[in-house]
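The values are calculated or read from the model by the stated rules, or taken from the named source; none is laboratory data. This one's a predicted model, so the numbers in the text were calculated from it and none came from an experiment. Backbone-built Cβ (ideal geometry, glycine too); neighbour counts: all protein chains shown. The protein model used for the area step is the full one, side chains on, heavy atoms only, and it has no ligands, DNA or RNA in it. Shrake-Rupley method; radii C 1.70, N 1.55, O 1.52, S 1.80 Å.
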Amino acid sequence: MALKGQKTTSDFLEWDKMQTIVLKLERDNDLKFALLIATGSYIGLRISDLLQLRWNQVLNQDYFTITEKKTNKIRKVTINPELQTILKRLFVQLEAKETDLMFANRSGEKPFSIQYVNSKLKDIFTRYNVRGQYSSHFMRKTLGRRIWEVNKYSDQALLLLSQLFNHTSISTTKIYLGIREQEISNLYLSV
């Protein structure tokens, strides 16, 4: 686990693996982390913004707006119908109230700490034998890679992701998603 303020790298998770982990967490009754991984991977907020969400912002909504902590920019987030299905299912299972924080600690009054989330994610990935380097940032990267993939690895998708992530350039987005590294690795395979 990184020290506060320290830059870390995190891998992305392939979309089907992310969905499998969410289902396994539900099966194993780790509902809050099933919810966290699903929500984070579908909407791509930074963990500091994700942890502040309340049920009434997202449940049965088409979208919500949030002022991002890091950039202080207002962002409109559309809620994917698949995520809405997961939200409804977990809302019932968790017996939550609409005004509750979605990711509250045991007292229910404060959100999880980022350090707790990263520690728990490490345990989850170890338990389910998922290899790689994962922190809470993996969910944003998972969304980015998924969008790039379903848009056939297009430069247009990178441009839009650059705007979604508030990056200064497409090259920053490529570095962020590990695309340049993958392209170079693929060169060796093409020989």
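Structure above, values below:
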read-out: Ellipsoid semi-axes in whole angstrom, largest first, where each is sqrt(5λ) of the Cα gyration tensor of region 98-152; value: 26, 17, 9
read-out: Cα coordinate range in the chain, projected on the principal axes (Å, largest first); value: 56, 36, 33
read-out: Net charge, Thr71 excluded, C-beta distance under 11 Å - Lys, Arg +1, Asp, Glu -1; value: +3
read-out: Test item: Cα-centred dipole of region 44-93, Lys/Arg +1 and Asp/Glu -1 on Cβ, debye; value: 180 debye
read-out: Extreme residue, positive dipole direction of the chain, given options Gln163, Asn186, Gln19 (C-beta unit charges); value: Gln163
read-out: Tilt relative to the chain, helix 15-27 - C-alpha long axis, 0 to 90 degrees, to 10; value: 20 degrees
read-out: Proportion of all alpha-carbon pairs of region 139-191 beyond 16 Å (%); value: 38 percent
read-out: Extension gain from Asp155 to Thr20, taking 0.36 nm per residue of separation minus the Cα-Cα distance; value: 45.7 nm
read-out: Radius 15 Å from Cβ of Asn151, net charge of other residues (Lys, Arg +1; Asp, Glu -1); value: +2
read-out: For region 84-123: Kirkwood Rh in Å [reciprocal of mean 1/r, alpha carbons]; value: 11.4 Å
read-out: Cut-off 11 Å between beta-carbons: net charge of the residues surrounding Arg54, Lys and Arg +1, Asp and Glu -1; value: -1
read-out: Nearest 10 degrees, 0 to 90: helix 179-189 Cα axis against the chain principal axis; value: 50 degrees
read-out: Magnitude of the charge dipole, region 1-159, Cβ model with Lys/Arg +1 and Asp/Glu -1, debye to 20; value: 480 debye
read-out: Computed E for Gln93/Ser190 - FRET, C-beta separation, R0 45 angstrom, nearest 0.05; value: 0.40
read-out: Inter-label distance, nm, simple model (7 Å from Cα along the C-beta direction), Asn56/Ser169; value: 4.5 nm
read-out: DSSP-loop trypsin sites (Lys or Arg not before Pro) across region 107-136, with at most 15 other Cβ within 10 angstrom; value: Arg131
read-out: Nearest-10 value in Å² for the accessible area of Phe112, using the 1.4 Å probe; value: 20 Å²
read-out: Value of Rg/Rh across region 75-186 [Cα atoms, Kirkwood radius]; value: 1.02
read-out: In degrees, nearest ten, helix 138-150 long axis to first principal axis of the chain (Cα); value: 60 degrees
